[in-house]
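Every read-out reported here was derived from the displayed coordinates using simple, explicitly stated rules and does not represent laboratory data. Values in this document were obtained by computation on a predicted structure and should not be read as measured data. Note: ideal-geometry Cβ built from the backbone for every residue, glycine included; neighbour counts use all protein chains shown.
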Amino acid sequence: MRKVISTALAPAAIGPYSQGIETEKLVFTSGQIPIDPSTGKLVPGGIEEQSGQVMQNLKAILAESGVGMDRIVKTTCFLADMADFAAFNAVYAQYFTENPPARSCFQVAALPMGAKVEVECIAVR
């Protein structure tokens, strides 16, 4: 089984990809940047606001598949500036108060639309 996940509660794909894909046992999300799904634009503010929107976008995609944030087993996080690492962690930690998933975090040269952060995840059903 391979099913495309699509929800209006997260930003529409801005390229040839799906918001997420679910299989019998796993859910994969595409990388989420801090786009407000109601406007299609980056949320105003700094790394804290952007990180919060990214996490809300992930949460909405997972919810569409019937999965909660507690089912995430791995995240990959991309920051435009590693100087934002501590502030990003503070927001990220609010979503994983117990038994956080495995994670990788990288600084990258640039992110789509000038975003400061992007996160993708894998969750178990």
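The table below lists the values:
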item: Matching residues, the stretch 9-52, being in a helix (DSSP H, G or I) and either more than 11 Å from the chain's Cα centre (by Cα) or farther than 20 Å from Asn89 by Cα (or both); result: Ile47, Glu48, Glu49
item: Criterion (out of contact with any helix residue (DSSP H, G or I) (no Cβ under 8 Å at 6 or more places or on another chain) and farther than 17 Å from Cys121 by Cβ) met by exactly one of Ala63, Ala86; result: Ala86
item: Residue count, the stretch 56-66 (criterion: buried (at least 21 other Cβ atoms within 10 Å of the Cβ) and of a type outside the set (S, T, N, Q)); result: 3
item: Identity of the residue in the stretch 72-87, free of Cβ contacts under 8 Å to residues at least 24 places away in the same chain and out of contact with any Leu (no Cβ under 8 Å at 6 or more places or on another chain), that ends up farthest from Arg103 (Cα to Cα); result: Ala83
item: Residue ID - surrounded by the most Cβ atoms within 10 Å (Cβ to Cβ), chosen from residues in the stretch 72-125 that are charged (D, E, K, R) and in a strand (DSSP E or B); result: Glu118
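Condition check ((1) touching a residue at least 60 places away in the same chain (Cβ under 8 Å); (2) surrounded by fewer than 22 Cβ atoms within 10 Å (Cβ to Cβ); (3) of a type outside the set (Lys, Arg)) across all residues:
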| position | (1), (2), (3) |
| --- | --- |
| Arg2 | no, yes, no |
| Ala10 | no, no, yes |
| Pro16 | no, yes, yes |
| Leu26 | yes, yes, yes |
| Ile33 | yes, no, yes |
| Val54 | yes, no, yes |
| Asp70 | no, yes, yes |
